[in-house]
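These notes are about the structure you will find just below.
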Amino acid sequence: MRLALLIGVLLMGFSSAAEAGRDYPWCVFGGHAAAPECMYETREQCLASASGRWTTYCDINPRVRFQQPAPGPTACDSRGRRCAPRP
């Protein structure tokens, strides 16, 4: 019996570790949680989860937000002013 329970706990641990490897785009911030809950595919899912909980809000996952590609090179005039992105 103990062996079956141990195997069940290990399998649950592996399944949650696999899900944790993915960065979902939406998080619930605030409330009593120290870390945001980043497990939502859509804003609507996030808002539904945050609904009814005090001091919580939805925002884009910071890990997703800051992994966006850097802007392209800029073209500046000879004095280095008025830089505009290159097309």
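Would you confirm whether any residue within the range 28-37 is surrounded by 11 or more Cβ atoms within 10 Å (Cβ to Cβ) and at pLDDT below 85? Yes: one or more hits.
Please specify each residue of the range 17-27 satisfying the condition of being assigned to a loop (DSSP other than H, G, I, E, B) and modelled with pLDDT of 90 or more. Of everything in the range 17-27, those that are assigned to a loop (DSSP other than H, G, I, E, B) and modelled with pLDDT of 90 or more turn out to be 24, 25. For the range 46-87, filtered to residues that are modelled with pLDDT of 90 or more and among the small types (Gly, Ala, Ser), the residue that is farthest from residue 32 (Cα to Cα) is 48.
The values are calculated or read from the model by the stated rules, or taken from the named source; none is laboratory data. Bear in mind the structure is a predicted one, so any value in this text is a computation, not a measurement. When we count neighbours, we look across all protein chains shown, and the Cβ atoms used for this are built from the backbone with ideal geometry, even at glycine.
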